[in-house]
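Here's the structure, in structure tokens; my notes come after.
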Amino acid sequence: MSVPRVLFYVQHLLGIGHLARASRIVRALVDDGFAVTLVTGGMPVDGFPGPGIDHIALPAIAVGDGGFSALVDENGAVIDEAFKAARRDELLAAYHALRPDIVIVEAFPFGRRQVRFELLPLIEAIEASTPRPLLLTSLRDILQERAKPGRDEETIDLVRRHFDRVLVHGDPAFVRLEDTFPLADAIAGRVVYTGLVGGPAAEPAAERYDVVVSAGGGAVGAGLVEAALQAVQELDSARRWLVITGPNMPQADFSRLSGACPANVDLVRFRTDFRNLLAAARLSVSQAGYNTVCDVLQAGCGAVLVPFASGGESEQTARAERLERLGRAVVLREDTLSRETMADAISRALSAETEKNVPVLQLDGANRTAKILRDLLKQRATT
């Protein structure tokens, strides 16, 4: 049997969570014997997609200051129709050259409508191909609530007409698709849960910190980091702290915070051994993004979660509140952040520390995704 070929498309626009999760899945597929090409469209991020992964980088785009509806290039200029056409043509050329057996599109059509200028032509090319590859969408477990009417119905129509499966990277015992997508019953026969996409259990780092504070990509984490640095002064000075700002924190914020670090705190932009550090820590303080939460659960350390909720974002709040109900986290709302509230949340989390190394949810979603793809190809071969 020939090696199955997979084209995996992911577009990150603000943080690095989508890219990190896709990279974990691709790594598992490659290790399982798939030939995978990861196509990305966001700004470059050091360390991703990782060594040994075939990678095509489309001309990079990100969100502008005007929000998710305004897309800009790597120089901050709003992209025009010629830019969009060039990206579309590059994506289609990659598809035709690779001739994949499976195409996986991250988020679309449940999200990433901003790049439908290239994804709808890709879907048209898939439907015109003989043989036609399987088309799957790859979703995190909790979706952002939609405010505009008709969007969910449009999503259902696209799934029914074009997508063979909807891969939900979550544990249905924790949250189900219908909890955040009200029309999920209409596509129930195509939904497959993979479990959460956590990494393999990490060895505890030799360099040990009691508290590890992280701000994800860092583009929107300055408030969390600043409150944590202030809270250090209210707590036991014998504890060692590591504060990871994220690679995208503006330099002005990083410089200002660096000058405010107490002696028992190390402040850095990025650590490649983040998961090892969590495995050795008593407590993680972070936002409630998908990948960070997976890492915290895998490590088994205590958690203070400050979900990102600006601009109507609801996904992280929903995840954090569910974990708090399970007794796996203390939640601190973003709009209540202060020296005092952060110190109180950390004190409560440390006193209620859960037993380490006991993940309560399915965390092997990357390897389970590989098995699901194998099964789908076998089904196709016998029909």
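The values are calculated or read from the model by the stated rules, or taken from the named source; none is laboratory data. Bear in mind the structure is a predicted one, so any value in this text is a computation, not a measurement. Counting neighbours? That spans all protein chains shown, and the Cβs are built from the backbone with ideal geometry, glycine included. Just so you know, the surface numbers come from the protein's heavy atoms only, side chains and all, with ligands and any DNA or RNA stripped out. Shrake-Rupley method; radii C 1.70, N 1.55, O 1.52, S 1.80 Å.
Working only within the range 126-167, note down all residues that are in contact with an Asp or Glu (Cβ under 9 Å, 6 or more places away or on another chain), open to solvent by 70 Å² or more (accessible area, probe 1.4 Å) and modelled with pLDDT of 95 or more. Let's see the steps before the verdict.
If we filter the range 126-167 for residues that are in contact with an Asp or Glu (Cβ under 9 Å, 6 or more places away or on another chain), which is where we start, we get 131, 133-146, 161-162.
Subsequent filtering for residues that are open to solvent by 70 Å² or more (accessible area, probe 1.4 Å) retains 131, 145-146, 161.
The answer is Pro131, Arg161.
Could you check the range 1-26 and list, in sequence order, the residues that are out of contact with any Phe, Trp or Tyr (no Cβ under 9 Å at 6 or more places or on another chain) and among the aromatic types (Phe, Trp, Tyr)?
Phe8
Hand me the list of strands (runs of 3 or more DSSP E) wholly inside the range 260-364 holding 2 or more residues that are at pLDDT 95 or above and closer than 24 Å to Ser23 by Cβ.
Values: elements: 265-268, 283-286, 302-305.
Here the list reads 283-286, 302-305.
Being without any contact (Cβ under 8 Å) to a residue 12 or more places away in the chain and either within 29 Å of Asp295 (Cβ to Cβ) or over 21 Å from the mean Cα position of the chain (by Cα) (or both), is that true of even one residue in the range 56-66? Before the answer, list the steps.
Residues of the range 56-66 that are without any contact (Cβ under 8 Å) to a residue 12 or more places away in the chain, as a first pass: 65-66.
After this cut, where a residue has to be either within 29 Å of Asp295 (Cβ to Cβ) or over 21 Å from the mean Cα position of the chain (by Cα) (or both) as well, the list is 65-66.
Yes: one or more hits.
Test Gly195 against the criterion of being touching a strand residue (DSSP E or B) at 6+ places or on another chain (Cβ under 8 Å), assigned to a loop (DSSP other than H, G, I, E, B) and open to solvent by less than 10 Å² (accessible area, probe 1.4 Å), and give yes or no.
Taking the combined requirement at face value, the residue satisfies it.
Please enumerate the residues belonging to the range 229-257 that are open to solvent by 60 Å² or more (accessible area, probe 1.4 Å), in contact with a Lys or Arg (Cβ under 8 Å, 6 or more places away or on another chain) and either polar (S, T, N, Q) or free of Cβ contacts under 8 Å to residues at least 40 places away in the same chain (or both).
Gln230, Gln233, Arg240
Just a yes or no: is a residue in the range 143-164 in contact (Cβ under 8 Å) with a residue 12 or more places away in the chain, assigned to a strand (DSSP E or B) and within 23 Å of the chain's Cα centre (by Cα)?
No - not one qualifying residue is present in the range 143-164.
Can you tell me which of (1) part of a helix (DSSP H, G or I); (2) closer than 28 Å to Gly289 by Cα; (3) among the aromatic types (Phe, Trp, Tyr) is the one Phe83 doesn't meet?
Going through the list (1) part of a helix (DSSP H, G or I); (2) closer than 28 Å to Gly289 by Cα; (3) among the aromatic types (Phe, Trp, Tyr), Phe83 breaks only (2).
Tell me whether the range 58-67 contains one or more residues that are in contact with a strand residue (DSSP E or B) (Cβ under 9 Å, 6 or more places away or on another chain), among the acidic types (Asp, Glu) and open to solvent by 50 Å² or more (accessible area, probe 1.4 Å). Talk me through it step by step, then tell me what you get.
Residues of the range 58-67 in contact with a strand residue (DSSP E or B) (Cβ under 9 Å, 6 or more places away or on another chain): 58, 60-66.
Checking the rest, the ones that are also among the acidic types (Asp, Glu) come to 65.
Add one more test, that the residue is open to solvent by 50 Å² or more (accessible area, probe 1.4 Å), and what stays is 65.
Yes, the range 58-67 contains at least one residue that is in contact with a strand residue (DSSP E or B) (Cβ under 9 Å, 6 or more places away or on another chain), among the acidic types (Asp, Glu) and open to solvent by 50 Å² or more (accessible area, probe 1.4 Å).
Test each condition in (1) out of contact with any Gly (no Cβ under 9 Å at 6 or more places or on another chain); (2) closer than 21 Å to Gly199 by Cβ; (3) touching a residue at least 60 places away in the same chain (Cβ under 8 Å) for Gly289 and report the one that comes out false.
Status for Gly289: all satisfied but (1).
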